[in-house]
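Quick notes on the structure that follows.
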Amino acid sequence: MKQHWKVGDLSKLTGLTVRTLRFYDQIGLFSPSGQTEGGHRLYNESDLSRLQQILSLKELGLTLDEIKSVLNGDQISPLEIVNLQIARIKEQIHQQQKLLEQLQYVSKSMQGQDQLTAQDFTELLQAMRRSHDKLVLERQMSWERHLGALGEFLIKAQEELEFKEDET
């Protein structure tokens, strides 16, 4: 017997928000394989497998457009993926370096009793926000990776259950 999940159930299972799953459907990245009579989305095991692929590619640092392209058959070589990751890490280092420089400037100004301008604080706050946003994204990706492993476990458990049912 095949198992199906509604969008809310899939959200709880994976840790992704319902909004994220609907967005993935809207952009054509991850659509349900079925619907209830009332029009609710229904996902099956193969949908879970595709979602796990999406999350794995996301973990590698691919954008949603790049993931969509890969899943639609366009080939991205391992070298291209590594180069994408290198570029993204360089950008993260650049952002962290800018934040460090701004914090050092503010610290030095405060130690010298210099008056900081509103622009100084605005720039510092923007740099801190960018840094915080990156940290939140990294945590989300970590959770998605762990939940992807959970999804794989559940798929294997379901397959074993179906196999046992077929034997009887």
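The values are calculated or read from the model by the stated rules, or taken from the named source; none is laboratory data. Being a predicted model, the structure only gives us computed values, none of them experimental. No Cβ is skipped: glycine too gets one built from the backbone with ideal geometry, and neighbour counts run over all protein chains shown. We work out accessible area using only protein heavy atoms, side chains counted, and drop any ligands, DNA or RNA first. Shrake-Rupley method; radii C 1.70, N 1.55, O 1.52, S 1.80 Å.
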Subject >> Accessible area per residue, Å², the range 25-74 with all protein chains present, probe 1.4 Å >> reply: 50 Å²
Subject >> Packing-based order for 16-23, 88-95, using average beta carbon neighbours within 10 Å, highest first >> reply: 16-23, 88-95
Subject >> Cα centroid separation, the range 36-77 to the range 87-116 (Å) >> reply: 38 Å
**OP:** Evaluate the charge dipole of the range 1-136 about its Cα centre and quote only its size in Debye, nearest 20, assuming +1 on the Cβ of each Lys and Arg and -1 on the Cβ of each Asp and Glu.
**Re:** 280 debye
**OP:** Would you work out if the range 1-52 is rounded, prolate or oblate? Take a ≥ b ≥ c from the square roots of the eigenvalues of the alpha-carbon gyration tensor; rounded if a/c is under 1.5, else prolate when a/b is larger than b/c, oblate otherwise.
**Re:** rounded
